[in-house]
Amino acid sequence: MKILSVNVGLPREVRWQGKLVTTGIFKEPIEGQVMLQTLNLDGDRQADLTVHGGVNKAVYDYPSEHYSYWRTELPGVDLLWGMFGENFTTEGLLEETVYIGDRFRIGDAEVIVTEPRMPCYKLGIKFGRADMIKRFLASRHTGFYFAVVRGGMVGAGDAIELIRREQQEISVADITRLYAFEKNDLSGLRQAIGVEWLPDNWKGYFQHQLEKQIA
């Protein structure tokens, strides 16, 4: 497991459907090492902090393995690392085999997996097509977020080492599945609610779904 590319970018204004929108989704690969801090990589920022960024979503990771899928789905689109707005493009980390609460050492830093990425309309801006939100979620190739436990220098080529696994019942893929595809899985909902590192907003949503099912 390793980082293939570290990608950063600052918010910019773009025009979308007749309006000016500020977005930080445009990321570009950088060379060398960069400092990973509690909320960001140096040189990187999120635009709308009400839905992006924060402690639980400090770093967005996207598996490089998914790029071949998207090259088939989006012929003619130039898919460079960072195209999905990810900070880390990685090899060997997939949603089905990465679990909420997994702790990894990357370079000098330590990070913990918190949640999958849910697409918003700014993904449509990046690709110039509004259907990307639906297609992205349907693919289940969401990538996931890290919280930063210990900051440090990171860079392309760094190994990614699993140093602790808190549980092996609820993966990143399971959260997406319970959210969008199998909302009636009562056992899965209960398990997800009990996962320590799943953010409270997810637990609250799943609790609501559970109460609706058993009412």
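A few notes on this one:
- Prolate/oblate/rounded call for segment 71-215, Cα gyration tensor, a/c under 1.5 rounded: oblate
- Net lengthening on full extension, Val14/Val77 (0.36 nm per residue, minus Cα-Cα): 20.8 nm
- Ratio of the Cα radius of gyration of segment 136-190 to 2.2 N^0.38 Å, where N counts its residues: 1.48
- Using a simple spin-label model with pseudo-atoms 7 Å out from Cα toward Cβ, Ser139 and Arg190 lie 3.6 nm apart.
- Restricting the GluC sites (Glu not before Pro) of segment 124-173 to loop positions (DSSP other than H, G, I, E, B) with no more than 12 neighbouring Cβ atoms within 10 Å leaves nothing.
- Taking 29 Å as the limit for the C-alpha separation, the pairs Lys19/Lys57; Lys19/Lys203; Lys57/Lys126; Lys27/Lys134 exceed it in the case of Lys19/Lys203.
- Between the listed residues Tyr121, Gly188, Met1, the Cα displaced farthest toward the positive end of the dipole of the chain, a dipole computed from Cβ unit charges relative to the Cα centre, is found at Tyr121.
- For the chain, the share of DSSP beta bridges that are antiparallel, to the nearest 5, is 90%.
- Loop-located chymotrypsin sites (Phe, Trp or Tyr not before Pro) in segment 96-132 (DSSP state other than H, G, I, E, B) with a sparse environment of at most 11 neighbouring Cβ atoms within 10 Å are absent.
- Qualifying GluC sites (Glu not before Pro) in segment 92-136, DSSP loop, other Cβ atoms within 10 Å at most 12: Glu96
Quick note: the coordinates plus some simple rules give every number you see, no bench work behind them. Note that the structure is a prediction, hence the values are computed from the model and not measured. Don't worry about glycine lacking a Cβ; one is built from the backbone with ideal geometry, like all the others, and counts go over all protein chains shown.
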